[in-house]
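The structure under discussion appears below in the form of C-alpha cells.
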Amino acid sequence: MERLSRRSFVKIAGAATGAAALAAAPPIARAAVEEGAERTNPTARVPEEPVVAYVRDAKRGEVTVTSGTAEHTYRDRVLVKRLLRAAGRKDVS
Amino acid sequence: MSSHREAPSISQDPVADNADTYAFVSPDDPSTVTIITNYVPLQGPPGGPNFFEFGDDVLYSIYIDNDGDALPEIEYQFRFRTTLQNEDTFLYNTGPIGSLSDPNWNKRQLYSVSVVRGQGSKSLGQDLACPPCNIGPRSTPNYDSLAAAAVHHLPTGETVFAGQRNDGFFVDLGAIFDLGDIRELNPAHLIPSAAGTSVDPLKTLNIHAIAIKVPIQMLTRDGSVPSDVAAATSVLGIWGGASRRKVQVRDGYETRNAGPWVQVSRLGNPLFNEVIVPVGDKDRWNAVDPIDDIGFEKYVNQPELGRLLPVLYPGAFPNLAAYTKNRADLHAILLTGIPNGVVPGFQNFTGPNPADMLRLNVAVPPTVNNPNPIGLVAGDAAGFPNGRRVFDDIVSIELKAIAGATIPLVDPTYTPDAAVGLVSSYLTPGADRYQSTFPYLGTPHDGYDTPSS
C-alpha cells in the first residue's frame, strides 16, 4: 500500500501542475463543501498534463490519482469524503 | 474484415483501430523482416478538407516476442504530431504539393520512433515526415515521389514509413455480413438466391500504414540470422497495438490527456477478434495482451462460425456438423503455432502458452516467383499462417480452415467435406493494390479520381 496523506497529495498535485484538477464523477452542484473550500470560477486553462483524482470506491475510501503516465490508488477516507461533498453527493456521512 | 471496426468500442475510434498486421521476410531484401500495422480503415479517398491522419494522442506499438513467452522483448513505438502552416485557410493545401517541405502543404504530420528493449527506451528518429494524403492531380500530381521521400532510413538500421496507402485487404463485405453469404454459393444458402459474383468494396478505399523493415538479427533472441526452419530461435511472435491515455479532460475546444497508457486495440492473427471472439468479449480482448489469451481459448476450440456453416449451407458440411472435438488445428494455427512434425519441413511453434500472435519463421525464405496467396495450405510456406504477406487471401484461408480443411493435420481420421473446396473469397485483387518494394502496399487512391463516376 502506498502512503500519501491528503495534505501531501494536494501539495504534490498543486506543485506538479500549478492548478490541480480534482475530477469526481458528477459536476459540482449546490456543493455542501467543507469549511475552507471556496467555490470559484476557473482562472486558468486546464494544464497540459492535468493531475486527476477520482473516487474509485467511496465505501472503502479509495481514490485514484493520475499524474503523467503514473497512476496510484490510495485509501484516504477524509479526502474521499471531501470530494464527494464537493460533488454534492447526498450519501456522504 | 481482418479487423476493420471489429469491436464495439474501437469501431467508434478509427485512428486507434488496428485493422491489419502483416509480418514477412522482405521479398526484395531477405536479410530483413517487414512489419506493417494499419489504422484508420475504410477511408473514402475524397474525404477532405480534413483528410485522414494518425492520432496525435495515440501510442502506436509493434511488439515482437522472440523467446516464445507471449511477452514482447522488443516494442517499436510511434508517436505523431500534427502541424499547421497556415491557420487562416480551410484548405489542406493552398497549391500543388511538390515536396514534403512544400509551403503549399498546410496540414502535416511528423512522427517519432523509439524502441523499448527490456527496461530501456531508445529514440530512433524524431520529426520524420509522413506523406500527404493523395488528394488529386492538382494537389498531389507526383504522389509516388512524395511517398518515396517519406521512406526514412534510420541510423540504427531500420527503415520506416507512416502514411496513407492502398488497403491491401480484400473481402466481399456486403455478402459475408449478410448471414455468411458467398455470392457464388447463393443457391446453396439457407436463404437461397441466384448465383452471383463476389464484390470487393475495399478496392477503392485507403488506409494508414505504419511500416518498419528491420534486419533479422536485430529481432532474434540470440542476434543470429537463422537458417534452420526447425529451430525455436527462428520463430518470432508479432502483433500490433494502439493505446490511449486513461483520462481525457475536455475544456472548451481543448482536450488534455492524463494517466497511464491503456491499450484500446490490438491485432495479431487476422480475423481473430472479428470472427472468433463473440461481441460481448471483443472490447475486453482489445484491452488485454496475448499473454492473457487463455481466456479466449474456448472460442478457438469451438468456433461459432464452424457451427454456423452447416446451418447456413444445409447439407453441405455433414462431416463438420458431426465433429464435436476441440479444434486442435485452429488452436495450433492461431494460438501456439504449428509444431514440428505436423507440416513437413515447417514449424512456427512458440510454446504451449495460448496467445494470439502472428508467428513468423524467418528461416523460411520469401517466395519470389509466383507466391501463392493461399500460403502454407497451398504449399507456400512463406505465406500465412507463417506470418502474413500483404496479398495473402486471408478470407479464403481462414474460411477453408474453419470449414474443416486443416483438421486432418491433427486428426487423420477426419475427412473434410467436399464443399470445403468451394469455400473461397472468390476475389483476385488488382496488381495496383501492392508494390514490390517497401512499404509493399500500393499507391493510395486519389480523391479526385475515386470514385471515378
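Looking at segment A:35-80, what strands (runs of 3 or more DSSP E) fall wholly within it and have at least 2 residues that are over 23 Å from B:GLY252 (Cβ atoms) and among the hydrophobic types (A, V, I, L, M, F, W, C)? In segment A:35-80, the matching strands (runs of 3 or more DSSP E) lie at A:62-67.
Taking the criterion of being surrounded by fewer than 19 Cβ atoms within 10 Å (Cβ to Cβ), within 14 Å of another protein chain (Cβ to nearest Cβ) and touching a strand residue (DSSP E or B) at 6+ places or on another chain (Cβ under 6 Å), the residues of segment A:62-74 that qualify are A:THR64, A:THR69, A:GLU71, A:HIS72, A:THR73.
Residues checked against (1) at pLDDT 95 or above; (2) out of contact with any Lys or Arg (no Cβ under 7 Å at 6 or more places or on another chain); (3) surrounded by fewer than 21 Cβ atoms within 10 Å (Cβ to Cβ); (4) among the β-branched types (Val, Ile, Thr):
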| site | (1), (2), (3), (4) |
| --- | --- |
| B:GLY295 | yes, yes, yes, no |
| B:ASN301 | yes, no, yes, no |
| B:TYR313 | yes, yes, no, no |
| B:ALA321 | yes, yes, yes, no |
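Of all the listed residues (B:ASP392, B:ASP356), the sole one being assigned to a loop (DSSP other than H, G, I, E, B), crowded, with 21+ Cβ neighbours inside 10 Å, touching a residue at least 60 places away in the same chain (Cβ under 8 Å) and not aromatic (Phe, Trp, Tyr) is B:ASP356.
In the set (1) buried (at least 19 other Cβ atoms within 10 Å of the Cβ); (2) under 25 Å from B:HIS152 (Cα atoms); (3) among the hydroxyl-bearing types (Ser, Thr, Tyr), the condition left unmet by B:SER31 is number (1). Among the candidates B:ASN66, B:ASN38, B:ASN18, the residue that is touching a residue at least 24 places away in the same chain (Cβ under 8 Å), within 19 Å of B:GLY337 (Cβ to Cβ) and surrounded by 17 or more Cβ atoms within 10 Å (Cβ to Cβ) is uniquely B:ASN66.
Only a single criterion out of (1) at pLDDT 95 or above; (2) in a strand (DSSP E or B); (3) more than 8 Å from chain A (Cβ to nearest Cβ); (4) surrounded by fewer than 16 Cβ atoms within 10 Å (Cβ to Cβ) is not satisfied by B:THR255, namely (1). Just one of the listed residues (B:PHE52, B:PHE24) is more than 13 Å from the chain's Cα centre (by Cα) and within 24 Å of B:LEU271 (Cβ to Cβ), namely B:PHE52. If you go through segment B:138-157 and keep only what is part of a loop (DSSP other than H, G, I, E, B) and over 20 Å from the mean Cα position of the chain (by Cα), you end up with B:ARG138, B:SER139, B:THR140, B:PRO141, B:ASN142, B:ALA150, B:LEU154, B:PRO155, B:THR156, B:GLY157.
No other residue among A:ARG77, A:ARG45 is basic (Lys, Arg) and more than 8 Å from every other protein chain (Cβ to nearest Cβ) apart from A:ARG77. Can you pull out the residues in segment B:259-278 that are outside any loop (DSSP other than H, G, I, E, B) and modelled with pLDDT of 95 or more? Result: B:GLY259, B:PRO260, B:TRP261, B:VAL262, B:GLN263, B:VAL264, B:SER265, B:ARG266, B:LEU267, B:ILE276. Candidates B:TYR60, B:TYR111: the one that is among the aromatic types (Phe, Trp, Tyr), surrounded by 14 or more Cβ atoms within 10 Å (Cβ to Cβ), under 30 Å from B:SER234 (Cβ atoms) and in contact (Cβ under 8 Å) with a residue 24 or more places away in the chain is B:TYR60. Taking (1) touching a helix residue (DSSP H, G or I) at 6+ places or on another chain (Cβ under 8 Å); (2) at pLDDT below 75 in turn, A:GLY36 satisfies each apart from (1).
The values are calculated or read from the model by the stated rules, or taken from the named source; none is laboratory data. Just so it is clear, the structure is predicted and the values come from calculations on it, not from any experiment. Backbone-built Cβ (ideal geometry, glycine too); neighbour counts: all protein chains shown.
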